[in-house]
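The values are calculated or read from the model by the stated rules, or taken from the named source; none is laboratory data. All values derive from a computational prediction rather than experimental measurement. For neighbour counting, all protein chains shown are included, and Cβ atoms are generated from backbone atoms with ideal geometry for every residue, glycine included.
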Amino acid sequence: MNKLLIILFVLYKNILFSQYFEVPENYIEAPLIFSHETVLKGISSIIPVGGIFSKYSTIELSYVKSNIADASIWLQDKIYDELGNIAETERILRSKDSPLSDPIFDQFKHLPMFIDDTIQQLASNPLVFCNEVNKLYNKQGVFFELNCTIPFGFFNKYLILRLQIKDSLWYFTKLTSLSYFRLKEMTYIAESFKINEKP
């Protein structure tokens, strides 16, 4: 597999750092720019090339512009910021072009797995779809991860939120997909995350 080394730069406390992933050739990278004020400063967005659903699979890398006292609490709070993106998934799956709009699915509308139940759960406690925050390790060292699977009828929206610190700077990585197999592929890319200090 040919790999493209992506190098991005951020200036922090007069120290130049580079952050990069090893990205397969069937993915593309672009700068990540947030359209509204947020505690995050976007660095990079990575998506698969082509395909109707490819835009629903992304890796986003940012750094946090404020200090984090407790990584687990921060990640659990961050899930509430994702509700808008999750609602967009719900609108897509309810649209006239969605396979779920077929009358054959009417018989399943009263089952717990149907979309309405998920929306009610998200409104009251979105963390019910998430595992506990785990302390894990990659090439860069310790990171914290919140792993969520949100059911929409016969589909799942997969969401992984990660925090990692180096030299007092917190890096935030978000992985999201409607495909479990794509999520596994993107997780492999995320595992290659590395931060180098430049002299």
Taking first residues from the stretch 132-149 that are part of a strand (DSSP E or B) and second residues anywhere that are acidic (Asp, Glu) and modelled with pLDDT of 85 or more, the pairs with Cβ under 7 Å that are 6 or more apart or on different chains are Asn134/Glu145; Leu136/Glu145; Asn138/Glu191
Could we say that Glu90 is assigned to a helix (DSSP H, G or I) and either modelled with pLDDT of 85 or more or more than 29 Å from Glu191 (Cβ to Cβ) (or both) here? yes
Of everything in the stretch 52-84, what is surrounded by fewer than 18 Cβ atoms within 10 Å (Cβ to Cβ), at pLDDT 85 or above and in a helix (DSSP H, G or I)? Give them in sequence order. Ser72, Ile73, Gln76, Asp77, Lys78
Go through the stretch 158-199 and report how many residues are surrounded by 14 or more Cβ atoms within 10 Å (Cβ to Cβ), closer than 20 Å to Ile52 by Cβ and charged (D, E, K, R). 2
Here's a check for you: in the stretch 1-44, which residue that is assigned to a loop (DSSP other than H, G, I, E, B) and within 14 Å of Tyr63 (Cβ to Cβ) is modelled with the lowest pLDDT? Lys13
